[in-house]
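The values are calculated or read from the model by the stated rules, or taken from the named source; none is laboratory data. Bear in mind that the values here come from a model prediction, so they are computed numbers and not experimental data. Every residue, glycine as well, gets a Cβ built from its backbone with ideal geometry; the counts of neighbours run over all protein chains shown.
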Amino acid sequence: MKQIKTITLAALCTLGAFSAIVYTSCKKDACKGVVCKNKGTCSNGTCTCPSGFSGKSCELSTIAFKNNTYTPVSITVNGAAYEIAKDSTLLVTDTAGRIAKVTASTSGKSADTAIGYVVKWAFSDTYPTDGTTFNQPLDVQAENPANNKEQVYYLEVVNNNALAVTQVVVLNIITQERTRIEMNLPKNGRTGIGYFIGAGNDALVANNFNPATFEFKQIAFEAVYMLPFTVNQKYTFTVN
C-alpha cells in the first residue's frame with residue numbers, strides 16, 4: 001500500500017510539473033508584435049518611453065513655443081491653430097523627426113480689432129529625435145520684412161499728466177499716415193497699444209477730450225527716435 005501511495009504521489013508531481021510547462025509554453029507574450037520606438041521598452045504589452053518621448057509607441061516628441069512678445073500670438077502648426085498668451089508657453093507634440101511648418105501673427109487689439117501693425121512671420125522646425133524638448137521662442141523682429149530700413153516697435157503710453165489721455169495719434173512724418181487710438185488713461189495710468197512701423201519717422205500726440213466744448217486739447221507731443229534694432233523692442237510715450 002505504501003508503494004502505491006509513493007507511485008501515485010510521484011505521478012501527481014510529474015503531472016503538475018508537466019502542466020506548468022504546458023501552461024508556461026502556451027502563455028501569450030503580450031509584447032509580441034509591439035514596437036517601441038526611440039529606445040522605448042515593452043512591459044506587459046505597453047511601451048515605457050524614455051525621457052523626451054511619448055505616445056503609444058514612443059513615437060512623439062515636443063516643441064515648446066514661448067511667447068516673448070507684448071501681445072497674444074496666434075500660430076498654426078501644420079494646419080492646427082493655437083493662441084498663446086503673453087509670457088506663456090505652448091507644448092505641441094507630433095512624430096519625432098517630422099517637419100513643423102509654422103505661421104505666426106500678433107498685434108495690439110481693442111474689442112477684437114487690431115490696432116496698428118499686424119506682425120506676421122513663418123518658419124519651420126523639426127520635432128526632436130534626441131529626447132530633448134525643442135524650445136522655439138516667438139519674437140517680433142526689429143526689421144520690417146517689407147523694408148529692412150524701417151523698424152517695428154511696440155508702443156505703450158504712461159500718463160503723468162493731471163488730465164486724462166483720451167486719444168493718442170501716431171503720425172508717420174514721411175507718409176502722413178495717421179493712426180488714432182481712443183482710450184481713457186487717467187493720471188499715473190499705463191497701457192500698451194500695439195505695434196507700429198517707422199521708428200525715426202513717427203510723431204506721437206496725446207490729446208484730452210473736453211466734453212463741454214467737444215474739442216480735443218493736445219497735452220503732449222513727442223518724436224520717436226531711432227531704436228536699437230533689437231527683438232521685441234518697445235517705445236514708451238510718457239505724457240507729462
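Things worth noting here:
- Scanning segment 217-233 for residues that are surrounded by 15 or more Cβ atoms within 10 Å (Cβ to Cβ) and either closer than 22 Å to K120 by Cα or of a type in the set (F, W, Y) (or both) returns L227, N232, Q233.
- Residues that are surrounded by fewer than 16 Cβ atoms within 10 Å (Cβ to Cβ) and at positive phi, drawn from segment 96-139: G97, A111, D112, G131
- Within segment 171-199, restricting attention to residues that are part of a strand (DSSP E or B) and over 31 Å from the mean Cα position of the chain (by Cα), the residue that is surrounded by the fewest Cβ atoms within 10 Å (Cβ to Cβ) is R178.
- When segment 123-148 is filtered for residues that are hydrophobic (A, V, I, L, M, F, W, C) and at pLDDT below 95, the ones remaining, listed by number, are A142, A146.
- In segment 140-160, the residues that are on the phi < 0 side of the Ramachandran plot form Cβ pairs under 6 Å with partners that are at pLDDT below 85 and of a type in the set (S, T, N, Q), at six or more places apart or across chains, as follows: E150/N144; V152/N144.
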